[in-house]
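Asks: One structure is given below, represented as structure tokens, and several questions about it will come after.
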Amino acid sequence: MAELKISESRDLTRIERIGAHSHIRGLGLDSALEPRDVSEGMVGQTQARKAAGVILQMIKEGKIAGRAILLAGQPGTGKTAIAMGMAKSLGLETPFSMLSGSELFSLEMSKTEALMQAFRKSIGVRIKEETEVIEGEVVEIHIDRPAVTGAASKTGKLTLKTTDMETIYDLGAKMIEALGKEKVQSGDVIAIDKASGKITKLGRSFSRSRDYDAMGPQTKFVQCPDGELQKRKEVVHCVTLHEIDVINSRTQGFLALFTGDTGEIRAEVREQIDTKVAEWREEGKAEIVPGVLFIDEVHMLDIECFSFLNRALENEMAPILVVATNRGITTIRGTNYKSPHGIPIDLLDRLLIITTQPYTIDEIRKIVDIRSQEEDVEMSEDAKELLTKIGHETSLRYAINLITAAALNCQKRKGRIVEVQDITRVYNLFLDVRRSTQYLMEYQNEYMFNEVGMADGGEDGIDAMHD
């Protein structure tokens, strides 16, 4: 009999991908905003992290708007990591949106509209509303199913009780279907929203805890509600201004949120929404949560975008703007003028500037440890030492890229721990910038459209191209 081969099925419910900053869990500060040496995936950059912690405190208090921060430093000194740490520390309640300077030029809308949408995505609105809820323990569900299918719809009765009272409700077809979906049975404590008819299962009543010998780990026991069956409850919804804009900008606005095809939103729509939100704030129905907008590679923006940012930051509904760049004194895009970081002087004057310093050998070693742990790679001490040296002499990014490549080389030779020989092999296989440049200089005449070669070769270079 032929042996059956059963293919391995992988659990795809959790898709785990390791990104460049997936090891960052926060800024690594203590309660006094003092940076710990190695914490929450962050290493070194103590001054920059401390400054970011102060900004974070200002954001959490939510009393300031329109402040802007510039993270400036050499490539590979942890600017994006600090921004990611800020996002993780803020939590889910505070909106944090991220975009790259070059993204604005590839969208199907004007640059200023794309910036305005990014600004509105970074401002949250916490809306409070009161709803009527029926909350109680299910005593009995009785459903009458008609003998002939299709002759009549199902009807039924639901008995709910609290510690003080008990009531019987008549059920329609929709409510019967909703109860069936939630798998509600007697002994469950449920809440029914009167306006929408939504049923929420709160758990099982403690009085029924001995009904079954075996219980699943997800079974939650709650007390039987007391007082009236009908209660008024305050519900809080957190949305961003951009989401409100999109929903109100067209008839099928809600669907546009999922497709991402928001298009340009008229200024009148935004003005009406701002007026309405201001009314809600006065009535105490809503509160504004200023979030964070992070723009990486800010030197890629042009003079029009910078002028827009200048104006937008003066608005009272502006979020905290965090921008990052690795450029020195360079040309402002769209002009012939040079400026520090490629940002106009008037906007630079508004920015609080945080600088990042190059990592020391010790800090590179700690980062190599964290990254190899994050990528689930076992590495010998000698290999780590070599990788640290490579990171110090070339760049930290190059050294980190070699970790997975070395692990794959180790697997190929049936090894368990990455050794020096694996690092050496991948170092020889993949060039860093310096060695690649050296190679180009040696063989520049062999490459097409080489300016140096054309200048030296003159007509010979042109003949070679025609051949």
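The values are calculated or read from the model by the stated rules, or taken from the named source; none is laboratory data. Since the structure is predicted, the reported quantities are computational estimates derived from the model, not experimental observations. Neighbour counts run over all protein chains shown; Cβ positions are idealised from the backbone, glycine included. Ligands, DNA and RNA are stripped out before the accessible areas are found, and what is left, the full protein with its side chains, is counted by its heavy atoms. Shrake-Rupley method; radii C 1.70, N 1.55, O 1.52, S 1.80 Å.
Asks: Per residue, how much accessible area does the chain show when a 1.4 Å probe rolls over the protein heavy atoms, in square angstrom? Can you show the working numbers first?
Replies: Details: 28790 Å² over 467 residues.
Heavy-atom accessible area per residue stands at 62 Å².
Asks: Moving on to the next point. At a 10 angstrom cut-off on C-beta neighbours, averaged per residue, how do the peptides 23-35, 71-83 rank from highest to lowest?
Replies: On the way: 23-35: 16.8, 71-83: 21.5.
Final packing ranking: 71-83, 23-35.
Asks: Considering the options 92, 423, 322, tell which one lies farthest towards the positive end of the dipole of the chain, charges being +1 on Lys and Arg and -1 on Asp and Glu at the Cβ, about the Cα centre.
Replies: Towards the positive end, the residue furthest out is 92.
Asks: Carbon and sulfur together cover what percent of the accessible area of the chain at a 1.4 Å probe radius? Please report the intermediate quantities before stating the final value.
Replies: Values: 14540 of 28790 Å².
Using a 1.4 Å probe with all protein chains present, the chain comes out at 51 percent carbon and sulfur.
Asks: Arrange the peptides 353-359, 372-378 so that the one whose residues have, on average, the most other Cβ atoms within 10 Å appears first. Intermediate results must be reported in sequence, preceding the final value.
Replies: Details: 353-359: 17.9, 372-378: 15.0.
The peptides rank, most packed first, as 353-359, 372-378.
Asks: Kindly flag which residue pairs out of 60/276; 233/276; 201/276; 161/181 have an alpha-carbon separation exceeding 31 Å in this structure.
Replies: From 60/276; 233/276; 201/276; 161/181, over 31 Å: 201/276.
Asks: Okay, moving on. Which peptide among 403-412, 160-169 comes first, and what is the full order, when sorted by highest mean count of other Cβ atoms within 10 Å?
Replies: Numbers: 403-412: 17.8, 160-169: 14.4.
My ranking of the peptides, most packed first, is 403-412, 160-169.
Asks: Once phi is turned into ³J(HN,Hα) by the Karplus curve 6.51 cos²θ - 1.76 cosθ + 1.60 with θ = phi - 60°, what whole-Hz value does each residue of the range 81-95 show in order, with x for glycine and proline?
Replies: Once rounded to whole Hz, the list reads 4, 5, 5, 5, x, 5, 4, 5, 5, 5, x, 7, 5, 8, x.
Asks: Just one of [x] 39.6; [y] 22.3; [z] 24.7 is mean projected area of the Cα convex hull in nm² calculated from these coordinates, so which is it?
Replies: Read-out taken from this structure: [x].
Asks: Along the Cα-to-Cβ line of residue 350, 7 Å from the Cα, sits a label point; which residues in the range 115-139 have backbone N less than 13 Å from it?
Replies: Of the residues in the range 115-139, 116, 119 have backbone N under 13 Å from the label point off residue 350.
Asks: In addition: What FRET efficiency, computed as 1/(1 + (r/R0)^6) with R0 = 22 Å and r the Cβ-Cβ distance, is obtained for residue 338 and residue 88, rounded to the nearest 0.05?
Replies: Details: r = 36 Å, r/R0 = 1.64.
The pair residue 338/residue 88 has a calculated efficiency of 0.05.
Asks: Continuing with the same structure: Determine the calculated [θ] at 222 nm for the chain from helices alone, applying -39500 (n - 2.57) to every DSSP H run no shorter than 4 residues and normalising by the residue count; nearest 500 deg cm²/dmol.
Replies: Values: 16 runs with 174 residues, N = 467.
Roughly -11000 deg cm²/dmol at 222 nm, from the helical runs in the chain.
Asks: Once label points are set 7 Å from the Cα along Cα→Cβ at both residue 39 and residue 311, what is their separation, rounded to one decimal in nm?
Replies: The two pseudo-label positions are separated by 4.3 nm.
Asks: Just need the relative contact order of the chain here, percent rounded to a whole number, with Cα pairs under 8 Å and 6+ apart.
Replies: Contact order relative to length: 19 percent.
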